Amino acid sequence: MIRRIRSGGHLYPIISLLVFIVLWQLIVTLVGVPMYILPSPIDTVKALVEDFNLIAGHVGMTLYESAIGFLLSIVLAFVISILMDSFAPLKKSLYPILIVSQTIPTIVITPILIIWFGFGLLPKVLVIVMVCFFPICISLMDGFEKVDRDYLNLFRTFRSSKLQTFLHLKLPHALVNFFSGLKIAATYLIMAAIIAEWQGGTKGIGVYMVRAKSAYALDKVFASILVIVLISVVLIALINWVGERATKWK
């Protein structure tokens, strides 16, 4: 019974998506909507096939930027969250600053970073880190704070060091929150890279989208969106897969 419910849970969004695509195709075909206003799903797939090699080259650069930024975000989030968990004054000082930093619009800070660091890789990576670091860091902090006090007292009873307590209790407990933060960050990851490429870049899926939009080739723009959605879905599925295996104990 449970398996049927779970399989149905996967089936419903697929059916809904298929219905949406069919309706989209019918509306564009029957109403005769011009391609420069709204391309059909068939036009989108055709554009993706025709420009596949070009899109793949641009996607490769975006993925490279995203991978570097995502890894740096994870490392930085671990370091900052551990330091804040270990030193209460540091947490009281940094936590409000982290909150305020998230109120700055990405599209505003990106041009400033480009002015400071040029049109290369660095400003794109910095934008990704700014967007992805926060949810990972806050999720880890919540995980560290929510450790059961009885467990902490038990470790103290056995005279465990702070390092042993962290490695064998706090870190495993925080992994659940960590992967939740990763999934949140992953939803913004490609978007952050694209925004940075929009503001200034020579290669990347964001650059390809700007060029296609300027040429009113909306079929190519929609093909880019399709690629971005697929990459994001695969990334989140991968994080889910790793998270389930890393937190089997829960």
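Compute the length gained on full extension between ILE21 and ILE107: take 0.36 nm times their separation in residues and subtract their Cα-Cα distance, giving the result in nm to one decimal. Walk me through the numbers before you get to the answer.
Working: separation 86, 0.36 × 86 = 30.96 nm, distance 3.09 nm.
Residue separation times 0.36 nm, minus the Cα-Cα distance, leaves 27.9 nm.
Could you pull out every one of the lysines with an alpha carbon less than 17 Å from that of LYS203, ignoring same-chain neighbours closer than 8 positions?
Output for LYS203: LYS124, LYS213, LYS220.
Which of the aspartates and glutamates could a cross-linker bridge to LYS162, judged by Cα under 15 Å and excluding same-chain residues fewer than eight apart?
List returned: ASP85, GLU145.
Nothing charged except the Cβ atoms of Lys and Arg (+1) and of Asp and Glu (-1): what's the magnitude of the dipole of the chain about its Cα centre? Round to the nearest 20 debye.
Details: 21 positive and 12 negative charges, 177 e Å.
Its charge dipole is roughly 860 debye.
Hey, what angle do you get for helix 218-246 against the long axis of the chain, alpha-carbon based, 0 to 90 degrees rounded to 10?
30
Give the aspartates and glutamates whose C-alpha is closer than 20 Å to that of LYS248, dropping any in the same chain fewer than 8 places away, or say none.
List returned: ASP142, ASP148.
At TYR216 and LEU30, where each label point lies 7 Å from the Cα along Cα→Cβ, what is the point-to-point distance in nanometres?
Once both label points are built, they end up 2.7 nm from each other.
Sort THR165, THR29 by Cβ crowding within 10 Å, fewest neighbours at the top. Before the final figure, lay out each step's value.
Values: THR165 18, THR29 11.
Going from least to most buried by this count: THR29, THR165.
If each residue of separation counts as 0.36 nm, what is the full-extension length gain between ILE99 and VAL75 once their alpha-carbon separation is subtracted? Can you show the working numbers first?
Numbers: separation 24, 0.36 × 24 = 8.64 nm, distance 1.90 nm.
Fully extending the segment from ILE99 to VAL75 adds 6.7 nm.
Is the C-alpha gyration tensor of the chain telling us rounded, prolate or oblate? Criteria: a/c under 1.5 is rounded; beyond that, a/b larger than b/c is prolate, otherwise oblate.
Oblate, since a/c reaches 1.5 and b/c is not below a/b.
For helix 205-214, report the angle its Cα long axis makes with the longest principal axis of the Cα atoms of the chain; keep it between 0 and 90° and round to the nearest 10°.
That helix lies at roughly 30 degrees to the long axis.
Looking only at chymotrypsin sites (Phe, Trp or Tyr not before Pro) in DSSP loops with at most 11 other Cβ atoms within 10 Å, what is the longest site-free stretch of the chain?
Numbers: sites that count: TYR36, PHE158, TRP249.
Result for the longest clean stretch: 37-157.
Based solely on its DSSP helices, what 222 nm [θ] is calculated for the chain when runs of n ≥ 4 H residues each add -39,500 (n - 2.57) and the sum is averaged over all residues, nearest 500 deg cm²/dmol? Walk me through the numbers on the way to the answer.
On the way: 11 runs with 207 residues, N = 250.
Computed ellipticity for the chain at 222 nm equals -28000 deg cm²/dmol.
Spelling out what I want: for every residue of the stretch 12-24, take phi, set θ = phi - 60°, compute 6.51 cos²θ - 1.76 cosθ + 1.60 (Karplus), and round to whole Hz; glycine and proline get x.
4, x, 5, 5, 4, 5, 4, 4, 4, 5, 5, 4, 4
Find how much the distance from ASP148 to ALA246 grows on full extension, using 0.36 nm per residue of separation minus their present alpha carbon separation; answer in nm with one decimal.
Numbers: separation 98, 0.36 × 98 = 35.28 nm, distance 1.99 nm.
Length gained, ASP148 through ALA246: 33.3 nm.
Show me, for the stretch 86-94, the HN-Hα J-couplings you get by feeding each phi into the Karplus relation (A = 6.51, B = -1.76, C = 1.60, θ = phi - 60°), rounded to Hz, glycine and proline as x.
For the stretch 86-94, the Karplus curve yields 7, 10, 4, x, 5, 5, 5, 7, 8 Hz.
We did not get these values from a lab; they are worked out from the coordinates using the rules stated. Worth saying up front: this structure is predicted, and the values here are computed from it rather than measured. A quick note on method: Cβ atoms are made from the backbone with ideal geometry, for glycine too, and the neighbour counts reach across all protein chains shown.
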